[in-house]
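The structure under discussion appears below in the form of structure tokens.
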């Protein structure tokens, strides 16, 4: 009876073994499972009395570190006969053109790839062989061996090949399946950064060199050269950046790298040294004119301690040009801050009359030549010279006049608002009634002065 059960049990075990073999065949080697799988295969090979499969798997070993790493208690990876090119496995059909690759001889251009040890740069790298078991190529730069997945290798051979799948492999110098950046060939995505002259946009750049000492990349388009720190380069070369498309209407600040974007729009601690940065941030986010900038500056300094206020005053005095007041330094800072994000006349006409003036007022006018009021000669498009605004001094007491030459953009009598714009495309809101009253008084004064001048200049003859 016992013998009969044993005979029935063998087919069941054989069925399980076949099922396990099928599962094993479908498993892909990776940096996470290769050690465990190799140990299983070696044990199976030992049971079968053959080392053939073990030697085949060994030919797929790709890193110098694998030769020294222990695989199991009884088995270590044997030396590979790398000269046996005739026994090299055949790469898949969708791989690179093999006529362009000669194993042991083809030298690749300099490139950078992501590995389990971070971003690595390689030059004078030779293609040693193709490892079929893991669908990867084994490269050697004279210092170490690198396993590069077939898709990544394809991007080295054919720059600008893009795909987005990432693979994180720890503890081994194994490239992720992300596009390689080939020096002088791979065209990097368009981006903007904050430089000394201000916000600048760059496109059609390629990597020229990697500065190991400074951990930075030198990029160039043949005319302009820019240096990016490694952290910014990593962000720039993410697959998502390659997929983004910009056109001529995209503002520069939307092309900023994320780290730079925070620097452009994020507040810092409210100290004297950070005052101009914080003021610039608020100017970009919420200010539409020098008047708004002066109000924001007043608000920022009012929240400082007296000690920081004094430091800010001293700093602004040092920054002031000849005959420039502190308020004028603020205004200059405003224009420098919004240089790349200015409002334009079309935007103001299309949006502000609707959102800031016309709602719920439906008498808004913005057509050039339209009269502001039936009792006034002022029209949309007229230019007002020497308009004076009395504004508070940022640090200290008293008022300071701000003179501007402004153009009338739109007006609403019901909303009691007139929108004015200066030559820098900054806009100013003033009360409709007040503007007409002061303008009419000015015209009357000018008329009286003109009549007085005419009277003073006329020739009187007595008879």
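The values are calculated or read from the model by the stated rules, or taken from the named source; none is laboratory data. Because the structure is a prediction, the values reported are computed rather than measured. As a convention, Cβ positions derive from the backbone with ideal geometry for all residues, glycine included, and neighbour counts pool all protein chains shown.
Determine which member of the set 266, 255 is crowded, with 17+ Cβ neighbours inside 10 Å and farther than 30 Å from residue 390 by Cβ. I'd like the intermediate steps shown before the answer.
Working: 266 fails: crowded, with 17+ Cβ neighbours inside 10 Å.
Just a single option satisfies the conditions, and that option is 255.
Give the residues of region 322-340 that are assigned to a loop (DSSP other than H, G, I, E, B), farther than 16 Å from residue 391 by Cα and touching a residue at least 12 places away in the same chain (Cβ under 8 Å), sorted by residue number.
338, 339, 340
Considering (1) touching a residue at least 12 places away in the same chain (Cβ under 8 Å); (2) surrounded by fewer than 16 Cβ atoms within 10 Å (Cβ to Cβ); (3) within 30 Å of residue 399 (Cα to Cα), say which one residue 276 fails and leave the rest.
Result: residue 276 passes all but (2).
Under 35 Å from the mean Cα position of the chain (by Cα), under 30 Å from residue 194 (Cα atoms) and at pLDDT 80 or above - does that describe any residue in region 387-404? Write out each step before concluding.
Going through region 387-404, the residues under 35 Å from the mean Cα position of the chain (by Cα) turn out to be 394.
Right, trim to under 30 Å from residue 194 (Cα atoms) and you get 394.
Now narrow it down to the ones that are at pLDDT 80 or above: 394.
Within region 387-404 (the criterion being under 35 Å from the mean Cα position of the chain (by Cα), under 30 Å from residue 194 (Cα atoms) and at pLDDT 80 or above), the answer is yes, since at least one residue qualifies.
Any residue in region 242-254 that is part of a helix (DSSP H, G or I), over 30 Å from residue 181 (Cα atoms), modelled with pLDDT under 85 and not assigned by TED's automatic domain parsing to the domain that holds residue 400? Lay out the reasoning, then the answer.
First, the residues of region 242-254 that are part of a helix (DSSP H, G or I): 242-243, 252-254.
Those left that are additionally over 30 Å from residue 181 (Cα atoms): none.
No, the conditions are met nowhere in region 242-254.
Out of the residues in region 427-463 that are modelled with pLDDT of 80 or more and outside any helix (DSSP H, G or I), state the one that is farthest from residue 331 (Cα to Cα).
431
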